[in-house]
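> One structure follows; several queries about it will come next.
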Amino acid sequence: MAISQQELGRRIRTAREACRMTQEDASGQVGLSRPSYVQIENGNRSVSSLELDRLAYMFGRDIREFLAESFQEQDALAALFRAQPEVAGQPEVMEKLRQCMALGRELTRLERFVGLDQGLEVVASYGFPPPRNRWEAIEQAERMATLERRRLGLANAPLPDLAGVLENQGVRTGLVDLPDDVSGLTLHDQNLGFFVVANRQHHHLRRRFSFAHEYAHVLNDRDRFGLISKTSERSDLFEVRANAFAAAMLLPTEGVHQFISGLGKGRPSRASVEIFDEVGSLNAEGRPEPGTQAIQLYDVVQLAHHFGVSCLAALYRLRNLRLISEKEFERLKGFDQAGKSRKLSEFLGIPVPDHAGLRNEFKRRFLGLALEAYRREEITRGKLRELAAMMECPEGDLDSLMEEASLACPEDAG
């Protein structure tokens, strides 16, 4: 049943207010005067399909939501703006959020076109309560990482590609250019499921840590619907828990101990054992040679490479596991900041990934599904071009690729 003009206006107003936008902000975004826009919200002026499409994008919604029989008044962006109202005053972040929602919707649609609807609740959920202090946040994070590693059958092995781990559980991932203060974000929408984004501008190892950080929000903070991870808010207890989870997930306690032990280090300075033979007991003590247990920067470099983290992340983990002292931590951190870790990596033959050429799993999946949907005639060539443009692909590249893949369809006028 078609909704009335008045109901459509009410829905537009509700969506705008949920995004903490003024009527003047909204009218400017769609190229209307404020009086004309007010008339739309009041139900006194019809809205064209183009205007409604622009409004839907601006509010992070699907245009079809406004025309459906029922209307969800709160969505992921609305929840995010409610929790972090200052975001509404950051146009750059707002635009990136809109892009994320648009990409997520298109990916969901493409999956349905090719019969790969993943479902929205595949990923596990843990019911840890909000932490009351930092210590509790860290304890919860360690426990959650242990449980999740066990669930995934990872034991103490290094984690594979984090984006791949999330994707395999139905969590959509992406790399998006975000402000430097924002490492990533997590959105949870009833229609899109989970969508996790890392900052494409950051180093690939930091992005890996960011995906692990957002993983924690997916596992335990889904009731918050939308979360932006910002460096300026790192003291927030939910962020403390997510950071501690990322460290424990990427560098499992037993895995780190085993690796360091494999280097012949990490043993206590003095060890004793008591032997009982049903009559009495005998004590034996042993200690390693002085200085042989001291962890060096080349050990840290190998540990970091093995688990796919930065040397700094490895150092913090070693300190927190009491494998190095505060004094040793500061000394090794100074060496790392001076660039010595990089030189040691080169000496040890550790390959350096090409930062610019690293795989963007989201882009590959998105465009692959778009090509398949086009081949099945679920979308037009015009729609395919639109989707390719969303991925910043030059139109000429798309045309030549389609020719080479025998996907060109001259009769398609779309």
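> Quick one: pull the percentage of alpha-carbon pairs in region 1-73 with a separation above 17 Å.
On the way: 863 of 2628 pairs.
Tail fraction, whole percent: 33.
> Return the lysines within reach of K383: Cα separation strictly under 23 angstrom, same-chain partners fewer than 8 residues apart disregarded; answer none if there are no such residues.
K96, K363
> So what's Rg/Rh here for region 106-182, counting alpha carbon atoms and using the Kirkwood radius for Rh?
Result: Rg/Rh = 1.05.
> Using the Kirkwood formula over every pair of different C-alpha atoms, what hydrodynamic radius in Å results for region 77-250?
The answer is 16.3 Å.
> On to the next question. For the ranges 387-393, 196-202, what's the packing order if you count other beta-carbon atoms within 10 Å of each residue, average per peptide, and put the highest first? Can you show the working numbers first?
Details: 387-393: 16.1, 196-202: 22.0.
Ranked by mean Cβ neighbours within 10 Å, highest first: 196-202, 387-393.
> Excluding residues on the same chain fewer than 8 positions from K327, give the lysines whose Cα lies under 25 Å from its Cα.
K265, K340, K343
> So between R234 and R45, what do we pick up on full extension, going 0.36 nm a residue minus the alpha carbon distance?
Values: separation 189, 0.36 × 189 = 68.04 nm, distance 4.62 nm.
Length gained, R234 through R45: 63.4 nm.
> Which distance in nm do the two modelled labels at E69 and L147 give, with both placed 7 Å along the Cα-to-Cβ direction?
The two pseudo-label positions are separated by 3.9 nm.
> Sticking with the crude label model, points 7 Å out along Cα→Cβ, report the distance from L154 to Q90 in nm, one decimal please.
Placing both labels 7 Å along Cα→Cβ, they lie 2.7 nm apart.
Each reported figure results from applying straightforward, stated rules to the coordinates on display, with no laboratory input. Computed from a predicted model, the values in this text were never measured in an experiment. Note that we place each Cβ from the backbone using ideal geometry, even for glycine, and neighbour counts take in every protein chain shown.
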